[in-house]
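Everything on this sheet refers to the single structure shown next.
The numbers here are math on the coordinates, done by the rules we state, and not lab data. Note that the structure is predicted; figures quoted are calculated from it, not measured. Cβ: placed from backbone, ideal geometry, glycine included. Neighbour counts: every protein chain shown.
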Amino acid sequence: METLKYTVIKSDDQYHKYCAQLEDLLDSNQEANVTDEIDLLTLLIEKYDEENNTFDDSDPVSLLRSFMEEHEMKSKDLVDLLGISKGYVSDILNYKKGMSKEVIRKLSTHFKVRQEAFNRPYPLFGTKATVQKRASLAN
């Protein structure tokens, strides 16, 4: 009996191994020859993500921070990855500005998660509404 090259993901180690294999396949120049393999790995990884990740429990900024920690990234790495200014990265990480559609697209592609993980509402601080609210409370 022939053993399967890929099976349903049952552990974090297997998940990370499949993610690395998918990354290698996507980086290779022979994508046409491995399209089915890429599709299968993507499906298995997404299924595991749905069953084991709790994206709903954290807001997009917390999620981004956890991915940065996991991948040992600094703010400067996000500047390079996203092609945006240091100030914009700082504003995102400090809940002062929301993520643009392009930023969400790039983050989801880089971290291999669905865009919905980053495309959810979360509170912003330091916006006019917050400043006005604080001013009215002070009076």
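List the pairs from K17/K86; K74/K101; K5/K74; K74/K96; K10/K76; K17/K96 whose alpha-carbon separation is above 30 Å, in the order I gave them. Could you put the intermediate results ahead of the total?
On the way: K17/K86 33 Å; K74/K101 21 Å; K5/K74 35 Å; K74/K96 18 Å; K10/K76 35 Å; K17/K96 36 Å.
Over 30 Å Cα-Cα: K17/K86; K5/K74; K10/K76; K17/K96.
Sort the following peptides by mean Cβ neighbour count (other Cβ atoms within 10 Å, averaged over residues), highest first: 34-46, 87-99.
87-99, 34-46
Is segment 56-121 best put as rounded, prolate or oblate by its Cα gyration tensor, with a ≥ b ≥ c the root eigenvalues, rounded for a/c under 1.5, and otherwise prolate when a/b is larger than b/c, oblate when not?
Details: a/c = 1.30, a/b = 1.19, b/c = 1.10.
The shape class here is rounded.
I'd like the FRET efficiency for L43 and L81, computed as 1/(1 + (r/R0)^6) with the beta carbon distance as r and R0 of 22 Å, rounded to 0.05.
With R0 = 22 Å, the Cβ-Cβ based efficiency is 0.30.
Given a Förster distance of 22 Å, report the FRET efficiency between E50 and L124 from their Cβ-Cβ distance, rounded to the nearest 0.05. Working shown, then result.
Values: r = 28 Å, r/R0 = 1.27.
Result of the calculation: an efficiency of 0.20.
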